[in-house]
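Where a number appears in this text, it was derived from the coordinates with a stated rule and is not lab data. The structure presented is a predicted model; accordingly, all values stated were derived computationally and were not measured. For neighbour counting, all protein chains shown are included, and Cβ atoms are generated from backbone atoms with ideal geometry for every residue, glycine included.
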Amino acid sequence: MAVSYEDRISIATPEGVDLQLTLAGLGSRAVARIVDQAIQTGVVIGVMLLASLAGGDGGGPGLAGAAFVVVLFLVQFGYDVVFETLASGRTPGKRWSGLRVVRADGGPVGFLPSALRNLLRLVDFLPGVYTVGMVAVMASRHNQRLGDMAAATLVVRERRGGRGRAPAPVPTAIAAGAWHPAGDVAAWDVSAVTAEEIATVRRFLDRRAGLTAEARGRLAGELAGRLRPKVVGPPPDQAPEPFLEALAAAKAARL
């Protein structure tokens, strides 16, 4: 019998499927932080050199110093917020470590939760080297530091074939060549699929980009397995996500 030593959490999604996520542990989070801090330190050193040059040629040391303080704040605080908001919850360090920040409901993290969790990093850092944060991660039920608790976010692991390598993109129905809107899909019989079920499919398709590769694949598989018996016409070997895309298109064509 296989034994799992990973911390996992089950989340009931709006699609009616239990989403299983693997929580990031203290070690992987520490590695991601070290990588990100090294990048931030390099940027800060570069800005210091530029500020020093600007202050040494009559450009005004006061202005250069003020600009350095602003840049320092933006690098230390804005770095995580920008990457987490625009890169699906992944800073370079988290991407390299196979981690992602998500909302507590499994959805993609937005600007306000990211800003809150990173602002409270100042508290998690106390009294030094993230002592408060490490204690919180080890003591909390879902491996959350104080910033995560306040922002209702989680740091989860992504299943990947190799460290730092992005998951292979899930082929779309068009890319897979499995169906054509003017042909095969038009002949599908989707009358047995209810309005509530197709709404569930569309919710998944709308939010899939913010899910981890593992969660996205599991949700697509469970939804497709539940709905495929109700549809007449799809190829039996069609992958789950292209099937859901085709189903949504077929249903829309009949409205």
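Suppose every K and R has +1 on its Cβ and every D and E has -1 on its Cβ; what is the size of the dipole of segment 8-157 about the Cα centre, in Debye to the nearest 20? Display every interim value, and only then the final one.
Values: 13 positive and 9 negative charges, 80 e Å.
Once rounded to the nearest 20, the dipole reads 380 debye.
Mind ranking 224-235, 141-152 by how tightly packed they are, going by the mean number of other C-beta atoms within 10 angstrom, highest first? Please report the intermediate quantities before stating the final value.
Working: 224-235: 15.2, 141-152: 18.9.
Result, highest mean Cβ count within 10 Å first: 141-152, 224-235.
Just need log10 I(q)/I(0) for segment 8-157 at q = 0.17 Å⁻¹, Debye formula, equal scatterers on the alpha-carbon atoms, no solvent, rounded to two decimals.
Debye curve over Cα of segment 8-157, log10 I(q)/I(0) at q = 0.17 Å⁻¹: -0.94.
May I have the extent of the alpha carbons of segment 173-253 along their three principal axes, as whole Å values ordered from largest to smallest?
That gives 33, 27, 19 Å along the principal axes, largest extent first.
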